[in-house]
Every structure is written in C-alpha cells, then in structure tokens.
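Throughout, read-outs are computed from the coordinates displayed, never taken from laboratory work. Note that this is a predicted model, so its numbers are computed, not measured. A quick note on method: Cβ atoms are made from the backbone with ideal geometry, for glycine too, and the neighbour counts reach across all protein chains shown.
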Amino acid sequence: MTKKKCDLFIDKEPYSFEVEGDFFWGKEELLFKQEDNVISKMPWYNDGYAVVNAFVKEEFQALKQSITNCIIEAIKANNIEFNEAEFTLNNYHKVINTDELHQKVIHITKNLENTDFDFDIDELASRFSKILGYKLTSWIEELQKTHVQIRISRPSSLDINPPHRDGYLSYWEDIINVWIPIEGCNENSSLPLYPGSHLIHENNILRTESKGAKINGNTYYVPCILETKEGPIHMERPNPKEGEAILFSPYLIHGAGVNKNKDVTRVSLELRFPKINL
C-alpha cells in the first residue's frame, strides 16, 4: 500500500487529503450500460444526475423524525450518555464529539433496513419509478435484504467517502442512487458529484479495489478514485432543497462530501433502488 494525495475541486475550490491504497488504471472499457439503463429515458442522461421533487412537507417531517429516532437508538445502543430530550440532528457533533464514538454510531446507521424506519421506503421506490419510467424495488437480491444508510458528517471532519462509483460493487450495478438532504445540507455541505463522469472509460481512471482505500485510518468498502487522465476531479454540489432528492447513476463519480458548515452536523439519507428487469 502506498500513500497518495487526493487533490480535487468542489465548486472550483481545491481540497486535498491523503489516501492509503494500491492504485491502478482500469481496462479499456465502459462499465456504464448505455442501452436500457435506468436513466436512459431521462433528458439528463449525459449529466448522469438530476434534482427532483420527492416529498410533500408532512412526509418529509415524518421521515426526518424517523431518522432522528434511528440515530438516538444508535447512540443509546453504545451506552453513550446524553440528554435525549434536547438532542437535535444539527448538534449531533456536540454529543458525539470523538472519532471513536462516531465510528460506533455509524457502524449501526450505515447498515439499516426498511423496517428500521417508521416511513414507507417502498413508496419512494414507486414514486421514482414513475419519474424514470422503469420499475424499481427496494429489495437488493444479492444482499437478500433492503439497505438504507444514514450519512452523518460532522463539521470540520473527514466524515467522508473518497470519490468513488457505487457501480464497482456488484450489488449496485443496476440501480438508481437516491440522496436526500435531511439536516444541515446546503451549498457548504451537499453531496459533490462529477457531472458526466459515468461516461468515462476505465482506462482513464486511477483507483483502488473495493475495501482497498484508507482515509484517516478508516477502510472504505467503495474503491477510491484518485484522478482521471484529465487530471484532478472537478465536482459540483447540486444542493437540493428540503423535500427534494438527487437521483444519479451508480457510475457517476461522487463523494468527498466535506462539511464546511462551522457548527452544524450534516445528515442525509442514501437509498439505492435496483431496476426490475421484466
């Protein structure tokens, strides 16, 4: 394993962090399936993503409360002392104030299922099916379960994934990614994406294998994409509003969601809905 600097730009602002891993250039192939893809019918096919309406207000507030409850249960499961009645998502970092405690909490919140929420996740799959023109499901056949992840990013931290493509993992090859802002999501903290990067061939990408990248001592399931042959990665933050969601291809390069808010934790929800092949 070697240490390399990951230099990238988010909304033209430079960022840099160290990644430890074995890096290689891929084969001369395009992994993104260009025909009958889940985004094939969309006018934003070439961009690889879009911001869409996802909820009415009452639904969003119900989901936010359910997510708050999940995080509270994860804190309690680790016997961390805190004032439950005064706990709010934006002040999560004041309760979970060390990397060690944070890792204990996200060990639970990164691997949830539909049944952990007092909210109908399948209704979202149906809603996005109508937008995309393909039938979606929340059931992940290879994993034999549903999968929901609460993403928590404390201010001034490295609570991030490296730039990556979910599609490198076999169970995410034929899905639509859904990113939903819940708390503290704005132009300083929203998910960065690299528009059009789902159409970049593998021989133009320098990356690690799955579980082959370490940042700040943490090993990541997703491979880290260090750079392309065009140079450093240039990302943008779409910044969806409350009640909206980002839909994007699993082959779109995304991640490195640095939270620049000075004193607000960012909380978002990540869903992945496979396309049902009829």
Provide the net charge surrounding Thr2, with neighbours chosen by a C-beta distance below 15 Å and charges set as Lys +1, Arg +1, Asp -1, Glu -1. 0
With r defined as the distance between the Cβ atoms of Asp22 and Asp120 and R0 fixed at 45 Å, what FRET efficiency is calculated, to the nearest 0.05? 0.60
With 18 Å as the cut-off, how large is the P(r) tail for region 28-133, expressed as percent of Cα-Cα pairs? 63 percent
Using alpha-carbon positions, the gyration tensor of region 98-247 gives root eigenvalues a ≥ b ≥ c; with a/c under 1.5 called rounded, otherwise prolate if a/b exceeds b/c, else oblate, the class is rounded
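Under a Cβ-only charge scheme (Lys and Arg +1, Asp and Glu -1), can you give me the dipole magnitude of the chain about the Cα centre, in debye to the nearest 20?
Numbers: 31 positive and 42 negative charges, 72 e Å.
So the magnitude is around 340 debye.
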For the residues Leu252, Leu199, Leu278, Leu169, what sequence is obtained by ranking on other C-beta atoms within 10 Å, fewest first? Leu278, Leu199, Leu169, Leu252
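List the GluC sites (Glu not before Pro) within region 23-89 that DSSP assigns to loop and that have no more than 13 neighbouring Cβ atoms inside 10 Å.
Filter output for region 23-89: Glu28, Glu29, Glu35, Glu81.
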With Cβ to Cβ distances under 11 Å as the rule, what net charge do the other residues near Leu191 carry (K, R +1; D, E -1)? +1
Compactness relative to 2.2 N^0.38 Å, alpha carbon Rg of the chain: 0.97
Expected sort for Thr265, Thr88, Thr228 with the fewest Cβ neighbours (10 Å cutoff) up front is Thr88, Thr228, Thr265
Between Val105, Val56, Val264, where does the largest GNM mean-square fluctuation fall for the chain, given springs only between Cα atoms within less than 10 Å? Val56
Report the relative contact order of region 1-151, percent, no decimals, based on alpha-carbon pairs under 8 angstrom and at least 6 residues apart. 19 percent
For region 127-278: relative contact order, % (alpha-carbon pairs under 8 angstrom, 6 or more apart): 44 percent
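Please identify the trypsin sites (Lys or Arg not before Pro) of region 1-105 that satisfy two criteria: DSSP loop assignment and at most 12 other Cβ atoms within 10 Å. Which are they?
Sites meeting the loop and neighbour criteria: Lys12, Lys27, Lys41.
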So if I place +1 on the C-beta of Lys and Arg and -1 on the C-beta of Asp and Glu, and nothing else carries charge, what would the dipole magnitude of region 1-113 be about its Cα centre? I want it in debye, nearest 20. 80 debye
Beyond 18 Å, what share of the Cα-Cα pairs of region 1-64 remains, rounded to the nearest whole percent? 70 percent
Want the number for Ile80 to Asn46: 0.36 nm per residue separation, take away the alpha-carbon distance, what's left? 7.6 nm
Show that you can apply the helix-only estimate: for the chain, add -39,500 (n - 2.57) for every DSSP H stretch of four or more residues, divide by all residues, and state [θ] at 222 nm to the nearest 500. -5500 deg cm²/dmol
Highest to lowest packing among 136-149, 171-184, scored as the average C-beta count within 10 Å: 171-184, 136-149
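By Kyte-Doolittle mean hydropathy of at least -1.0 and Cα axial length of at least 27 Å, which whole DSSP H helices of the chain are selected?
Qualifying helices: 57-77.
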So what is the relative contact order of the chain, in percent, for Cα pairs below 8 Å that sit 6 or more residues apart? 33 percent
Per-residue Cβ contact counts at 10 Å, fewest first, order Met235, Met1, Met42 as Met1, Met42, Met235
